[in-house]
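Everything on this sheet refers to the single structure shown next.
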Amino acid sequence: YRAKQFGRNTLQHHDGDSSGVGMPRGEQEELHQAITADQLFLEYQPQVDVATGRITGIEALVRWNHPAKGRVPPASFIPIAEETGLIVPLGLWVLNEACRQARNWQDMGLTPVTIAVNVSAKQFADPDFASHVAEALERNRLQSRWLELEVTESVVMQDAERALAMMEQLRALGVRLSIDDFGSGYSSLAALKTFPFDRLKMDRSLVEALPGDKTAVAIASAVISLAQTLKLSVLAEGVETDAQMDFLRQARCEEAQGYRFSKPVPPEEVSRLLQGQLP
Ligand code: C2E
Ligand code: MG
Ligand code: MG
Ligand code: MG
């Protein structure tokens, strides 16, 4: 199956409607092209067990190979995709591609790891989202326990009732749900109280100043123990140094992700890394 399948009819659908206001028409068209002409690709970043250093999960991160501009980072096009609604077919492509890759790694006899996929607000609000997830798993013969969906707090807080219903459907499928970028921006604790997350990803901004800065230490420690109390597993994002790792180990943070281990890499590089940890 190609990206085309996921992009079909979308442009037509958004033609002349009011979404994507202020968006140059050309940009929308280009992004639609990106989906249908196979210009998107995924890179993968390992998540490691802090105590053992072993890879336990992989986050899929989308990139755009633009015909003229070359490689474009998600921060430059995900917001446009969100505004125009193109995030729905784009996200569907990411979901399927990530599941396909996870199936490949398992077929290679590598240690099974969780594949984590970022999900944005419009995708989560799509009533068909849970069935798209079920289809992606089925199509790739991937057990639901190996799929994790990452959402930020703003995704669930926008329409809490609907988000909760969606989360329950997804949990019934058996996929894991994590709250991404926890502690960034205007986040509060409300989402943790209301929604059934399995995992908390502590934002890079809380990890950055560790372990030198006392306030950063206090906040990170509090977040880690909060997660433990709420029976959520906890992962630190943006870990770059040994000193940060030492702190996280002491604070009993379970997992970490960041340049200290690996930047996001192509799938072949992940295969090589997983190969290296076969028993
Ligand atoms: P995110 O989900 O919080 O992903 C982590 C981002 O931090 C990635 O940036 C990653 O490359 C970067 N990062 C990881 N470790 C380090 C580190 O040690 N230091 C520093 N400075 N940065 C680190 P990236 O790939 O540019 O993605 C940015 C954001 O774009 C993601 O943040 C996510 O919100 C969004 N995104 C990426 N792929 C998708 C996707 O498929 N769908 C949706 N809806 N959003 C996506
Ligand atoms: Mg993420
Ligand atoms: Mg994050
Ligand atoms: Mg982030």
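The values are calculated or read from the model by the stated rules, or taken from the named source; none is laboratory data. Keep in mind that what you see is a predicted model, and the values were worked out from it rather than measured. Note: ideal-geometry Cβ built from the backbone for every residue, glycine included; neighbour counts use all protein chains shown.
When you check GLU97 against the structure, is it surrounded by 14 or more Cβ atoms within 10 Å (Cβ to Cβ), over 30 Å from GLN244 (Cβ atoms), at pLDDT below 95 and within 13 Å of ligand 1 (Cβ to nearest atom), yes or no? Answer is no for this residue.
Kindly indicate which of VAL151, VAL133 is aliphatic (A, V, I, L, M), closer than 21 Å to GLU237 by Cβ and either within 17 Å of the chain's Cα centre (by Cα) or assigned to a loop (DSSP other than H, G, I, E, B) (or both).
On the way: VAL133 fails: closer than 21 Å to GLU237 by Cβ.
One residue alone meets the criteria, VAL151.
Filtered by the rule that a residue be away from ligand 4 (no atom under 16 Å from the Cβ) and either in contact with a strand residue (DSSP E or B) (Cβ under 7 Å, 6 or more places away or on another chain) or not aliphatic (A, V, I, L, M) (or both), segment 201-219 gives PRO211, GLY212, ASP213, LYS214, THR215. Restricting segment 64-94 to residues that are under 13 Å from the mean Cα position of the chain (by Cα) and within 17 Å of GLN45 (Cβ to Cβ) leaves a set whose member that is surrounded by the most Cβ atoms within 10 Å (Cβ to Cβ) is VAL94. Somewhere in segment 32-50, is a residue modelled with pLDDT of 95 or more, assigned to a loop (DSSP other than H, G, I, E, B) and within 30 Å of GLU255 (Cβ to Cβ)? Yes; the residues of segment 32-50 include at least one that is modelled with pLDDT of 95 or more, assigned to a loop (DSSP other than H, G, I, E, B) and within 30 Å of GLU255 (Cβ to Cβ).
Yes/no per residue for (1) outside any helix (DSSP H, G or I); (2) within 16 Å of ligand 3 (Cβ to nearest atom); (3) at pLDDT below 95; (4) within 23 Å of ALA116 (Cα to Cα):
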site: ALA227; (1), (2), (3), (4): no, yes, no, yes
site: LYS231; (1), (2), (3), (4): yes, no, no, yes
site: VAL234; (1), (2), (3), (4): yes, yes, no, yes
site: MET245; (1), (2), (3), (4): no, no, no, yes
site: ARG249; (1), (2), (3), (4): no, no, no, yes
site: ARG252; (1), (2), (3), (4): yes, no, no, yes
site: TYR259; (1), (2), (3), (4): yes, yes, no, yes
site: SER262; (1), (2), (3), (4): yes, yes, no, yes
